[in-house]
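Report on the following structure.
The values are calculated or read from the model by the stated rules, or taken from the named source; none is laboratory data. A quick note: this is a predicted structure, and the numbers were derived from the prediction, not measured. Virtual Cβ from ideal backbone geometry, glycine too; neighbours counted across all protein chains shown.
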Amino acid sequence: MALNPQPSSPLPTPAVSPRVAEPSAAAIRRVLRRARDGVALNVDEAAVALTARGEDLADLCASAARVRDAGLLSAGRRGPNGRLPVTYSRKVFIPVTHLCRDTCHYCTFVTVPGKLRAEGRGMYLEPDEILDIARNGAALGCKEALFTLGDRPEARWPEARQWLEERGYDSTLSYVRAMAIRVLEETGLLPHLNPGVMSWAELSRLKPVAPSMGMMLETTSRRLFETKGLAHYGSPDKDPEVRLRTLTDAGRLSVPFTTGLLVGIGETLAERADTLHAIRRLHKEFGHIQEVIVQNFRAKDHTAMAAAPDAGFDDFLATVAVARLVLGPGMRIQAPPNLVSRAECLALIGAGVDDWGGVSPLTPDHVNPERPWPALDELAAVTAEGGFDLMQRLTAQPRYVQAGSAWIDPRVQAHVAALADPDTGLARDVNPVGRPWQEPDEAAESLGRTDLHSAIDTEGRRTATRSDLGDAFGDWESIRNRVGELAARAPERIDTDVMAALRSAERNPGGCSDDEYLALATADGPALDAVAALADSLRRDTVGDDVTFVVNRNINFTNICYTGCRFCAFAQRKGDADAFSLSTQEVADRAWEAHVAGATEVCMQGGIDPELPVTGYADLVRAVKARVPSMHVHAFSPMEIANGVTRAGLGVREWLESLREAGLDTIPGTAAEILDDEVRWVLTKGKLPTSLWVEIVSTAHEVGLRSSSTMMYGHVDTPRHWVGHLNVLRGIQDRTGGFTEFVPLP
């Protein structure tokens, strides 16, 4: 296959971007000078740089190329001929379904059920069809299986729902997960999942079956989404806020993630610059954007934008260069080689590209079917002509491959390791072979510093911090900025009269307004004494004067954790000097010791260890109950339950019922912190969102597992957050009555 020639000039169309004033020559000179100096361009400067043409564009591209080269040199990689590498992934393209609930005005990938039936095709590829593509790709040395599909077709098309239900799947994403496992086991190809918008929980379920995922941001322009007739109108999943949330959640879960922008769909240069900076901000905070695709729009027949002009090449080239200058030397900048000519490929290399993305020797580009992939030998030749060596990588970029379980789930690490060069993280010259995808076995032996619970008071820790302190929690500057935003919104004073709020509380303690509760929460001096006296009288009326306690032993079965809670001194990475993990036998032994000492309850919680077996939580409960049948087992925070649900691939209710049947009695209502995502995402990097915490606790109550409730306060929160948090807890209690107590944690 040859690299594609540039088509003739297209027709004009209403989808052309609105006209804006051209920047002055002085403004362009200033931006070019800053680019030559290696300064990252701000949003306004990036918009100016996007207008560069002629000699100015050549100057801009040269600056971008220098930044790219500095990044590659810093990474320390060289190709077989001693040149810097430009990478690609040898892939197969698996179009799981062409159905979608969106109606993007430029898309030819998506179709409708009637057309599929008329062509004799199913609503989805059948498992055998998916596996045939993957097997044929493996035989040709492909390493990546790109799963591409429309967004949530079952939400729009009854035919999609019926197809899934007949095969036992409750959603398209459940089918994708199952097929990813089969591809891993039967072919050895590494899935790269591109199913569109996903929630935190959905990303969590898919991470164990794929080394990487992706979703094009495309643009942050709300105008294109909200204006009738423009590119994204009528497509709910193209809401920029929704797409940014998916990118953010992927960062919180440490998923190596591919994203990018689409050039020339009617966006302004300011909107394009904003899109690049949105990606930059997310990557700065989480470090998870493994590559950014800069893709030029190509008009296609039989679409609403068929008459729209293709993105001009100079416009495209300037965008690639600006992307490099905004995103910096460490980012991999990718451009699809099948959408340009050979000469244009050379120009893209000169503008800072260092990755060609996925290229298939077998399957077409189903998103751009009219643009065949270049032959790999031709791509290698044009890359060499540009002064670089073409090198094959895996679906996850090398730095994520080499970082191991911090980014790659243990259940796919063996699959990745089988194809990765251990020295570079790039692809080895081998054909994939299927291997089992399985959960770790139950730990037969304890590991690490199992005496830490007793020795910490006498010996202390062996290390001051966990080994991944520098990167486990995200970017601290970004966190500081968000803390500042929270503080700025905190009320400086409360106008509501505290005494009026007290009178209201005396009449109906549960019927105060939020402002009245806020006044009570911020009371000081004599007013605080009055609030405390009222609370004490309510306590006496409700439970009397008896103060209760339970003889309990805390059993932390592991402190190995990869969730980035920024307040936590407990978590360790596996291999750290103070890390430990207890076997089920040792947990049972400690429960017996507690029983002998008079305890009637054990509280078991641990870190979120990616190598914990899928049956690990139930195994611990069964082990304790087998040793001490009378012991009350109070165990597993909602975060641990979310982890277990994800690992098992089950629904929350089904998984909780299995724990109850194993002998679990109650659960702690921890991992709550403040039940407001605005605060949670500052406190933690990867914990479950508020909505999932509420779902898990409510469902636990419904299946007969009562819980405590908690609030950790006094950090980046404000009194208004306390009121909101307590309202959430009260709402759950009103519905379920399942809380046994409330534990404030200052």
So Glu154, is it over 18 Å from Asn194 (Cβ atoms) and either without any contact (Cβ under 8 Å) to a residue 60 or more places away in the chain or not β-branched (Val, Ile, Thr) (or both): no
Per the filter on region 228-265, residues surrounded by 22 or more Cβ atoms within 10 Å (Cβ to Cβ), closer than 17 Å to Asp102 by Cα and among the basic types (Lys, Arg) are Lys238, Arg243
Hits in region 284-324 (condition: of a type in the set (Gly, Ala, Ser) and touching a residue at least 12 places away in the same chain (Cβ under 8 Å)): Gly287, Ala299, Ala304, Ala307, Ala308, Ala311, Gly312, Ala318, Ala321, Ala323
If you check every pair at least six apart or on different chains, which have Cβ atoms under 7 Å apart with a residue in region 27-39 that is assigned to a loop (DSSP other than H, G, I, E, B) first and a residue that is surrounded by 13 or more Cβ atoms within 10 Å (Cβ to Cβ) second? Gly38/Val67
Helices (runs of 4 or more DSSP H) enclosed by region 315-419 - at least 2 residues per element that are touching a helix residue (DSSP H, G or I) at 6+ places or on another chain (Cβ under 7 Å) and closer than 30 Å to Gly150 by Cβ: 342-350, 410-419
Residues of region 632-669 being among the β-branched types (Val, Ile, Thr) and modelled with pLDDT of 95 or more, in sequence order, are Val633, Ile641, Val652, Thr666, Ile667
Only one residue in Gly82, Gly168 is surrounded by fewer than 20 Cβ atoms within 10 Å (Cβ to Cβ), more than 24 Å from Thr395 (Cβ to Cβ), among the small types (Gly, Ala, Ser) and out of contact with any strand residue (DSSP E or B) (no Cβ under 9 Å at 6 or more places or on another chain), so which one is that? Gly168
Looking only at region 278-293, decide whether some residue is over 20 Å from Leu224 (Cα atoms) and polar (S, T, N, Q). yes
Under the condition of being among the small types (Gly, Ala, Ser) and in contact with an Asp or Glu (Cβ under 9 Å, 6 or more places away or on another chain), which residue from region 387-421 is farthest from Arg252 (Cα to Cα)? Ala403
Looking only at region 327-344, and only at residues there that are more than 18 Å from Arg90 (Cα to Cα) and either in contact with an Asp or Glu (Cβ under 9 Å, 6 or more places away or on another chain) or small (Gly, Ala, Ser) (or both), the one that is surrounded by the most Cβ atoms within 10 Å (Cβ to Cβ): Met331
Per the filter on region 725-746, residues small (Gly, Ala, Ser) and crowded, with 20+ Cβ neighbours inside 10 Å are Gly738
What do you reckon, is Thr584 in contact with a helix residue (DSSP H, G or I) (Cβ under 9 Å, 6 or more places away or on another chain), under 30 Å from Ala626 (Cα atoms) and polar (S, T, N, Q)? yes
Any residue that is of a type in the set (A, V, I, L, M, F, W, C), farther than 21 Å from Pro410 by Cα and surrounded by fewer than 18 Cβ atoms within 10 Å (Cβ to Cβ) - is there at least one of those in region 569-576? yes
Tabulated pairs, region 88-112, first without any contact (Cβ under 8 Å) to a residue 12 or more places away in the chain and under 17 Å from Pro372 (Cα atoms), second of a type outside the set (Asp, Glu) and surrounded by 23 or more Cβ atoms within 10 Å (Cβ to Cβ), C-beta under 6 angstrom, 6+ apart or interchain: none
Working only within region 350-360, note down all residues that are touching a strand residue (DSSP E or B) at 6+ places or on another chain (Cβ under 7 Å) and of a type outside the set (Asp, Glu). Gly352, Val353, Trp356, Gly357, Gly358, Val359, Ser360
Restricting to region 50-69, name every residue that is under 12 Å from Arg33 (Cα atoms) and in contact with an Asp or Glu (Cβ under 9 Å, 6 or more places away or on another chain). Ser63
Within region 687-707, restricting to residues that are part of a helix (DSSP H, G or I) and within 21 Å of the chain's Cα centre (by Cα), the one that is surrounded by the fewest Cβ atoms within 10 Å (Cβ to Cβ) is Ser691
Just one of Thr710, Thr684 is within 28 Å of Val614 (Cβ to Cβ), surrounded by fewer than 23 Cβ atoms within 10 Å (Cβ to Cβ), touching a Gly at 6+ places or on another chain (Cβ under 7 Å) and modelled with pLDDT under 95; which is it? Thr684
Matching residues in region 373-413 (within 31 Å of the chain's Cα centre (by Cα) and touching a residue at least 60 places away in the same chain (Cβ under 8 Å)) number 21
I need the full set of residues from region 539-565 which are surrounded by 13 or more Cβ atoms within 10 Å (Cβ to Cβ) and more than 30 Å from Ala579 (Cβ to Cβ), in order please. none
Exactly one of (1) in a helix (DSSP H, G or I); (2) buried (at least 20 other Cβ atoms within 10 Å of the Cβ); (3) in contact (Cβ under 8 Å) with a residue 24 or more places away in the chain; (4) out of contact with any strand residue (DSSP E or B) (no Cβ under 8 Å at 6 or more places or on another chain) is unmet by Arg281. Its number? (2)
Anything in region 591-607 that is buried (at least 21 other Cβ atoms within 10 Å of the Cβ) and either basic (Lys, Arg) or assigned to a loop (DSSP other than H, G, I, E, B) (or both)? List them, or say none. Gly606, Gly607
Filter region 182-224 for residues that are assigned to a strand (DSSP E or B) and touching a Ser or Thr at 6+ places or on another chain (Cβ under 7 Å); which is surrounded by the fewest Cβ atoms within 10 Å (Cβ to Cβ)? Asn194
Among residues belonging to region 365-377 that are of a type outside the set (A, V, I, L, M, F, W, C) and more than 23 Å from Ile265 (Cα to Cα), point out the one that is surrounded by the most Cβ atoms within 10 Å (Cβ to Cβ). Pro374
From Arg482, Arg493, Arg507, which residue is exposed (fewer than 11 other Cβ atoms within 10 Å of the Cβ) and modelled with pLDDT under 90? Arg493
Taking region 635-670, which residues are outside any helix (DSSP H, G or I), polar (S, T, N, Q) and free of Cβ contacts under 8 Å to residues at least 60 places away in the same chain? Ser637
Which condition from (1) farther than 30 Å from Val433 by Cβ; (2) over 18 Å from the mean Cα position of the chain (by Cα) is the one that Glu186 breaks? (1)
If Arg573 satisfies all but one of (1) farther than 30 Å from Val633 by Cβ; (2) out of contact with any Phe, Trp or Tyr (no Cβ under 6 Å at 6 or more places or on another chain), what's the number of the condition it fails? (1)
